[in-house]
Structure formats: structure tokens, C-alpha cells
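Enquirer: Below you'll find the structure I mean.
The values are calculated or read from the model by the stated rules, or taken from the named source; none is laboratory data. This one's a predicted model, so the numbers in the text were calculated from it and none came from an experiment. Every residue, glycine as well, gets a Cβ built from its backbone with ideal geometry; the counts of neighbours run over all protein chains shown. Side chains included, ligands, DNA and RNA excluded: accessible areas come from the protein's heavy atoms. Shrake-Rupley method; radii C 1.70, N 1.55, O 1.52, S 1.80 Å.
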Amino acid sequence: MLDFFAIFTKGGIVLWCFQSTTQNFTASVNALIKNVILQERGINTFNDNRLSLQYKLDNEFDLVFIVAYDKILKLSYVDKFLNDIHLEFRDKYKNELARADYFQDYSFSEGFNSTLKKAEKWSKQQEQLPKQMKTFEQSSKSKKTVSSMIERKGEEKNTSQKKKEVNFASEVQTLPDSPKQKLQNGQLDEETLAANRLKFAQKMNKKKQDPKKSPKSPVTEKERAGKKPRIWELSGSNKDLGSLERTTDKPEDMKSHFTPDTEIVGQMKGVIKDLEVESSDEEYIEEEKETNQTSSKGGMFSIFKGLVGSKSLTASDMKPALEKMKDHLIAKNVASDIASKLCDSVANKLEGKVLGTFESIASTVKNTLNDSLVQILSPKRRVDILRDCLEAQRQRRPFVMTFCGVNGVGKSTNLAKICFWLIENNLRVLIAACDTFRAGAVEQLRTHMKHLNALHPPERHNGRTMVQLYEKGYGKDAAGIAMEAIKFARDSSFDVVLVDTAGRMQDNEPLMRSLTKLIKVNEPDLVLFVGEALVGNEAVDQLVKFNQALADYSSNSNPHIIDGIVLTKFDTIDDKVGAAISMTYITGQPIVFVGTGQTYTDLKALNVKAVVHSLMK
């Protein structure tokens, strides 16, 4: 039994509505529009409280069909009902919708009831039918050709060959010999092959003229002397290696062994600079020119290849382009489940849309997906940490940030980078060492504290110590240490508290309960999840389970879950930036910081357009 059904325009004008109960469905419908439709998420069923909602888009007339029912009920006919009611409404009011006459009386009760009865009758018939296994002829394997399984080096699969698929049981077709037959079967003619060979020869000559590897230079005296020990930044001189001898007395003050790199001081004032993704626009433009040239040489048939010509797009039309785009996204490290949902959302957005005469399906799908990715990565709320810190300063309280994540992703290192950025903007920071489990975690933070204080000594800040570490050793309750640190920061007039937590796997229930307790007791202003840019499907599992644990193990009616993401090791992935899409798609939260290197200044803000361009090229 359906509880609610509505037909409205994308502008918000309700054309027709059905409601079987007195319940108010406004909040659930608004949640569906906000979290699914506007964010273009390919979710078929959306659950809100006890309701399940499904929708269908009509992109030709900009209509939305929404149905709601109790999620306890398993209604198998809802998808068929939405498709049938969509066609019924379009056929009945086609002229009015074409004129965009939305303010007339749309009396659709009779059509709704008859379509609903047909869908329920169809569902009962399907339940009564015995389930039979598919035969080999009905499976997708039987439709594959022998030639599609053979991979030849340097040969590209042609789309026209995929369309002409033959069963294994059918006769083997002979290959055409004449150029005219090759052109008819979607293959290249002799002129195009000659042009491609000439272009390949030119590229090979250019590579020979500009070799990447330089010739070996003669061995110098310095190289003969042997390899010298590496001098690490911010680690002191190698002349002091004798102090590592255990028999000698250790110096009391570690500052004497630290020679700070003062060149980085002053580079992080103000807002964090955008991330610069190495994307060669010139090469991208040259590739487009080359493809255009080859298509122009391919004869008159290549001009009309891929053109739709004022035709409404269907799912079958978009399927080849979407499959290719899905493989491309997975190759760029986007989680496979997320890539499928992105392609489904693009299909929902484009199905029924009428293309122009000279618009191709591939370019339309690519542009639509590009817009969807930009929308996903763009923050849904204001993210201005400096402004929030100053606001907390006016309220005479510290701004608290908690860092969480799995083991080894770089929580402490990126915490130190964020701490340096805050000091550069004249904010006093207290680091709370709440990782009481990992050996060396407190010592690591103490080393960062000494380095940061050496870069920003008290003399530069009117005698104020800009960074201080609050630690109680190992084996203690992390939530209690964080509470004491926040109280100490309030009494000592610190501006920001950075809470470092222990790394934990998302499946470890005791540690996840401990993290939930820390967040519930201390109520931080910002909970940041630190994740690697190297992961693909694992990022989805980590974020889903972290969010789920923070919600399940908290006794609050409105639990505090992840507010933002810190994406680390971004300089190790080249153009495989798909983890950024996977993480933001799952949580809907923005990527606040991006870690790119080893120094304190290697902290960036996400450049949405640059990341999307790198993902789509």
C-alpha cells in the first residue's frame, strides 16, 4: 500500500498529489530532494525514518515523480509502477507540458488508480510464477563473440563490432577483403590507416630527437669519494651523530641540536593555497586536435559517427558511453560501487533529454559527469576554520579539532602541518596527546612541538609560547586526557586544541567505542577523518564504518559524526585522484585539507576544478 505519491516540476510546482494518511511527508520529501536529487546521487531507494522513497525523473519536461511507503513493506512493483505512471501522465498531458502550462487542473486520480491496480496485479502474477534458471542462450556469455575475447596488441575495440555480436553456435563470418567492405563494417579504410602510420612515424622521430634520458656524464671527484650521509630538514646537523652513542651523556636541551629552516616561516599566513594538480592543458588540447584531424580524414561517414539528431536519449543509447566512463573512473581509483552510482545518476539525469543535431552521446555524458563531480566535491556548507577560531576566541574558549582514522595514514604528521598553519596566523595551539596506545606517539608530537617553537620562538610573539604539548603518558583514558587538555587550554588562554587520537581499524569495536566516548564527552567543534589518497574501495569501507560506529555507539539523539576529511599522501598518486570522489560521495562532507609532502608548508586546500580535470582526462 502506497502512503504518498506526488508529481511536481523541478522548479517546485506540485501538479498532482496523492496521500492515503494524515501524516506529514514534507520533511521526508525535502530530505530526498536535498540529499539525493540535488546532489545527483544514483540511489534508487532512500530511507527516511520509517519511510522508503523512490523517484523517477522526466528530463524532457523537467518533472519529478516521487512515491513513499512504509519500509517494512517489500513492494516489488514500485519500479514498474513509476515507469507506467510516468508514461501515462506524459501521454495524457503531453500538450500542456510542452507549453509549460503548470497552473491548470491536472485531474489524474482515475489514471493513478488504474495504473496502481495493474502494477499490483502484475506483482501477484510474478509471485505465482515458478522461478526458472536461465539457459545458456539467455545469459550474457552466449552473446560474446570469439573475436571479442581475442586481444591484439595495438588494436582498439570498435564500437560497431560490439553491436554486431554473434552467438557461438552461429556460423563464423569471413572477414571482408575490399576497402569498401571494411568501411561498411565500421573498420578503417586504407587512407586512414596510412595517415595513422605516418603520424606514428612522426611521433617516433620526435621521441628519438628529444630523448628523456640524458647521456652519462663523466665521474667527478666528489662521486668517487663515495655517498655522503643525507641531511634531513629540521633535524639538525649530522656532525652531532656522536650524541647518539649510549655511553655518552645526553644533552638536556634538545633545542641546541635543531637548526630551523627559517625560509618557510611566513609562507602560510592567511587562507591555505589551492592544490596545484599537474594537468597539462596543452597536451589535452593537442589530443583533441589530433582526434578531430583523424576523424576528418576518416571519410564522410566519420562526420556522422555518434550523432543523435534531435532524438530523445534512452538507457540503451547511453549504455556504451557509460560503461566506458565507469571503467575510466575505476582506473582513476574511484571505488567501483561509487563509479556505478555516478554513472546511474548521469543516466537518470539524461534519460529522455533531447539532444541537438550535432551533439554526440559521448560528449554529453562526459560533460554531465564532469558537472556532477564538481558538485560532489564542492562543499555543501561554509568551511572557514580561521573565522571559526576567531569566533571561539571572542567567546573566550578554545576551538577544538579531533583527528581520527586508521593506522599509518599520517594523523600526527598532518596535525603538525595544520598546527604550523595556525601559528602562522598568530593562534596559540595546544596539542593533546590522546594516542596512549602506539609506542613513540607522544615523543613524535613532542619533537614536532620543539621544531614548531624553534620556527616561531616566543621572542616573535611577545613572549608567548605558541605551541605546547599536553600529555599524560601511555595506557590512560584518552577521553579523560582530552577533557583535561581542553580545560587547561581554557585556563591558559590557548586559541586552538588539536586532539591526536590512536589509529584504529574500522572493525575494532572496543576502540571505536573509545573514540565515540571521546567525541561525546568533549564535544569538539570539528571531527576530521584522516584518510590516504592511495586507497580505492577501502576508503568507502573506512568512512562508512567510522560514521556508523560514531552514530551507533553514541547515546545522543543527534550524534556527532565526521565533519570533514584530511586527504594525505596526495603527491604519491599522479592523476589517480579518485579517492577524493569516493570519500566525499559517501559522507557528503568536504575535504578540508590536502597533505602533499614532508615539510610543514605542504598543506593545501582542494582545488575542485583541477582535481575533476585530472580525473576526466
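Enquirer: Name the long-range amide H neighbours of N426: under 5 Å, sequence gap of 5 or more, or other chain; modelled H, no Pro or chain starts.
Expert: Long-range HN contacts for N426: none found.
Enquirer: Further question on the same structure: Could you pull out every residue, at least 5 positions away or on a different chain, whose amide H is within less than 5 Å of the one on C434? Hs are placed 1.01 Å off N in the peptide plane, and Pro or chain starts have none.
Expert: For C434, the qualifying residues are D500.
Enquirer: Continuing with this model, one more query. List the residues whose amide H sits under 5 Å from the amide H of H456, counting only those 5 or more places along or on another chain, with H placed 1.01 Å from N in the peptide plane.
Expert: Here nothing satisfies the definition.
Enquirer: Could you give log10 I(q)/I(0) at q = 0.19, 0.23 Å⁻¹ for the stretch 78-135, computed by the Debye formula over C-alpha point scatterers of equal weight, without solvent?
Expert: Normalising to I(0) and taking log10 leaves -0.75, -0.94.
Enquirer: Another question about this same structure. Given R₀ = 22 Å, what would the calculated FRET efficiency be for K80 paired with N59, taking r from the Cβ atoms and rounding to 0.05? Provide the component values of the computation, followed by the final result.
Expert: Numbers: r = 20 Å, r/R0 = 0.91.
That gives a FRET efficiency of 0.65.
Enquirer: Under a plain spin-label model, where a point goes 7 Å from the Cα along Cα-to-Cβ, how far apart in nm are K609 and D491?
Expert: 5.1
Enquirer: After finding the eigenvalues of the alpha carbon gyration tensor for the stretch 554-617, what semi-axes result from the square roots of 5 times each, listed largest first in whole Å?
Expert: Working: eigenvalues 128, 50, 16 Å².
Whole-Å semi-axes of the equivalent ellipsoid: 25, 16, 9.
Enquirer: Return, for the Cα atoms of the stretch 496-553, the radius of gyration and Dmax in Å, separated by a comma.
Expert: 11.8, 34
Enquirer: Here's a follow-up. What does the extension gain come out to for D574 and A100, with contour length at 0.36 nm per residue minus their alpha carbon separation?
Expert: Values: separation 474, 0.36 × 474 = 170.64 nm, distance 4.80 nm.
Gain on stretching D574 to A100: 165.8 nm.
Enquirer: How much accessible area per residue does the stretch 481-523 have, counting only protein heavy atoms and a probe of 1.4 Å, in square angstrom? The partial results should precede the final answer.
Expert: Values: 1940 Å² over 43 residues.
Spelled out: the 1.4 Å probe surface of the stretch 481-523, per residue, equals 45 Å².
Enquirer: Let me ask you something else. Which order do the peptides 323-329, 432-438, 448-454, 105-111 come out in when sorted by mean C-beta neighbours inside 10 angstrom, highest first? It would help to have the intermediate numbers written out before the result.
Expert: Details: 323-329: 17.3, 432-438: 22.6, 448-454: 20.1, 105-111: 12.9.
Averaged packing, sorted descending, gives the order 432-438, 448-454, 323-329, 105-111.
Enquirer: For the stretch 1-150, what is the per residue volume of the convex hull drawn over the alpha-carbon atoms, in cubic angstrom? Show your work: numbers first, answer last.
Expert: Numbers: hull volume 27.1 nm³, N = 150.
Per-residue hull volume (Cα only) is 181 Å³.
Enquirer: Could you tell me which of rounded, prolate or oblate describes the stretch 463-564, using a ≥ b ≥ c as the square roots of the eigenvalues of the alpha-carbon gyration tensor, with rounded for a/c under 1.5 and, failing that, prolate when a/b is larger than b/c and oblate otherwise?
Expert: Prolate.
Enquirer: Would you kindly state how much longer the chain becomes between T135 and N426 on full extension, computed as 0.36 nm times their sequence separation minus their alpha carbon distance, in nm to one decimal? Could the numbers behind the result be given before it?
Expert: Working: separation 291, 0.36 × 291 = 104.76 nm, distance 7.18 nm.
Value of the extension gain: 97.6 nm.
Enquirer: Another question, if that's okay. Could you tell me which of the pairs K80/K353; K74/K366; K273/K472; K273/K324; K349/K609 are separated by over 30 angstrom between their Cα atoms in the structure shown?
Expert: Numbers: K80/K353 21 Å; K74/K366 36 Å; K273/K472 35 Å; K273/K324 34 Å; K349/K609 21 Å.
With Cα atoms farther than 30 Å apart: K74/K366; K273/K472; K273/K324.
Enquirer: Using R₀ = 60 Å, calculate the FRET efficiency as 1/(1 + (r/R₀)^6) where r is the Cβ-Cβ separation of L193 and M505; round to 0.05.
Expert: Working: r = 55 Å, r/R0 = 0.91.
Step by step, r from the Cβ atoms, then E = 0.65.
Enquirer: Same structure again: Got a sec to turn the phi values of the stretch 484-489 into Karplus ³J(HN,Hα) couplings, 6.51 cos²θ - 1.76 cosθ + 1.60 with θ = phi - 60°, whole Hz, x for Gly and Pro?
Expert: 5, 5, 5, 5, 5, 5
Enquirer: Between S340 and E459, what is the FRET efficiency for a Förster distance of 41 Å, r being their Cβ-Cβ separation, to the nearest 0.05? Working shown, then result.
Expert: Working: r = 58 Å, r/R0 = 1.41.
It comes to 0.10.
Enquirer: How big, on average over all directions, is the shadow cast by the Cα convex hull of the stretch 411-536, in nm²? Intermediate values should be presented prior to the final figure.
Expert: On the way: hull surface 33.4 nm².
For the Cα atoms of the stretch 411-536, the hull's average projected area reads 8.4 nm².
Enquirer: With only alpha-carbon pairs counted, each pair once and no self-pairs, how large is the Kirkwood hydrodynamic radius of the stretch 498-617 in angstroms?
Expert: Numbers: mean 1/r = 0.0659 Å⁻¹.
Kirkwood radius, the stretch 498-617: 15.2 Å.
Enquirer: Okay, moving on. Give me the number: length gained by fully extending R382 to N370, i.e. 0.36 nm times residue separation minus the C-alpha to C-alpha distance, one decimal in nm. Don't skip to the end; give the middle numbers.
Expert: On the way: separation 12, 0.36 × 12 = 4.32 nm, distance 2.25 nm.
Contour length minus the Cα-Cα distance gives 2.1 nm.
Enquirer: Apply the Karplus parameterisation 6.51 cos²θ - 1.76 cosθ + 1.60, with θ equal to phi minus 60°, to every residue of the stretch 575-587 and state each ³J(HN,Hα) to the nearest whole Hz, in sequence, with x for glycine and proline.
Expert: 9, 8, 9, x, 4, 4, 5, 4, 5, 6, 5, 5, 8
Enquirer: Just want to confirm a number: the relative contact order over the stretch 9-109, from Cα pairs under 8 angstrom separated by 6+ residues, in percent. Intermediate values should be presented prior to the final figure.
Expert: On the way: 76 pairs, mean separation 24.7, N = 101.
Here the relative contact order equals 24 percent.
Enquirer: Going down the list K341/K576; K94/K124; K121/K341; K10/K380; K269/K569; K517/K604, which pairs span over 26 Å between their C-alpha atoms?
Expert: On the way: K341/K576 19 Å; K94/K124 31 Å; K121/K341 31 Å; K10/K380 20 Å; K269/K569 23 Å; K517/K604 31 Å.
Beyond 26 Å between Cα atoms: K94/K124; K121/K341; K517/K604.
Enquirer: Accessible area per residue, 1.4 Å probe, Å², for the stretch 1-134: what's the number?
Expert: The answer is 59 Å² per residue.
Enquirer: With a point put 7 Å past each Cα toward its Cβ, work out how far N205 is from T9 in nm, to one decimal.
Expert: 6.1
Enquirer: Find the percent of Cα-Cα distances in the stretch 418-467 that exceed 12 Å, and round it to a whole number.
Expert: Numbers: 770 of 1225 pairs.
Percentage above 12 Å: 63.
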